[in-house]
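The values are calculated or read from the model by the stated rules, or taken from the named source; none is laboratory data. What you are looking at is a predicted structure, and each value in this text was computed from that prediction instead of being measured. Here the Cβ is made from the backbone with ideal geometry for all residues, glycine too, and neighbour counts use every protein chain on show.
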Amino acid sequence: MRGELDFPASLRRRVALLQGLDAAALQRVYDERLRLSPGADTMLARFRQLGVKTLLLSGGFTFFTERLKQRLGLDYIISNRLEIKDGRLTGRLLGEIVDADAKAAKFRAVMRGLGARKEQTVAIGDGANDLKMMAEAGLSIAFHAKPVVRAKADCALSYSGLDAVVNLFET
């Protein structure tokens, strides 16, 4: 998150530790451990009211982001895919790893698909793997971010919830 590690190699090592884990554990993690950032639901509800398109770019896993997309009404997601065989995690990933380059590429692709100009876009991030994506946006917001991200973002939210983002746009 601070940009000190090789993200793809680190992710592969961490995922390898999951080899043999019953895939049902993922649902338990979603139900019992996964928590939204404070204010996320409020921010996203307001964005939906305003017709703002939303994209979740995550170095996490599709098991979680697909559920969040449905639950929160997100328009687009990209994340890493865990390989599961016979109801168990294999310790491997499927497809390309969602790293800084993948996040920036997906951000640009969605922007093009919507016909949006850079100045019409906002990117919110917290780790070094978000910096390339944030550089693509008209406004970059560091949210409870690592120092390297706060230093490069247009603005930073360090004490409020994500609902404060709406205040940047409403008159």
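Here are a few things to note about the model shown:
- Inspection of region 49-58 identifies no residue that is more than 24 Å from Ala25 (Cβ to Cβ), small (Gly, Ala, Ser) and within 13 Å of the chain's Cα centre (by Cα).
- Residue that is nearest to Met111 (Cα to Cα) [pool: residues in region 16-72 that are in a helix (DSSP H, G or I) and touching a Gly at 6+ places or on another chain (Cβ under 6 Å)]: Arg48
- The residues of region 35-60 that are of a type in the set (Lys, Arg) and either loosely packed, with under 15 Cβ neighbours inside 10 Å or free of Cβ contacts under 8 Å to residues at least 40 places away in the same chain (or both), listed by number, are Arg35, Arg48.
- Gly39 being modelled with pLDDT under 95, on the phi > 0 side of the Ramachandran plot and in contact with a helix residue (DSSP H, G or I) (Cβ under 8 Å, 6 or more places away or on another chain): no
- Just so you know, in region 73-103 the residues that are in a loop (DSSP other than H, G, I, E, B) and β-branched (Val, Ile, Thr) include one that is nearest to Ser37 (Cα to Cα), and it is Val98.
- Boolean, Glu32 is touching a helix residue (DSSP H, G or I) at 6+ places or on another chain (Cβ under 8 Å), among the charged types (D, E, K, R) and loosely packed, with under 15 Cβ neighbours inside 10 Å: no
- Test: Ala9 is out of contact with any Asp or Glu (no Cβ under 8 Å at 6 or more places or on another chain), farther than 30 Å from Gly113 by Cα, small (Gly, Ala, Ser) and at pLDDT 95 or above: no
- Pair list, Cβ under 9 Å, 6 or more apart: region 156-170 residue at positive phi, other residue among the acidic types (Asp, Glu): none
- Of the helices (runs of 4 or more DSSP H) entirely within region 110-171, those holding at least 1 residues that are of a type in the set (Val, Ile, Thr) and under 19 Å from Leu57 (Cα atoms) occupy 147-152, 164-167.
- Residues in region 100-135 that are surrounded by fewer than 17 Cβ atoms within 10 Å (Cβ to Cβ) and either within 30 Å of Glu83 (Cα to Cα) or touching a Phe, Trp or Tyr at 6+ places or on another chain (Cβ under 7 Å) (or both): Asp101, Arg108, Ala109, Gly113.
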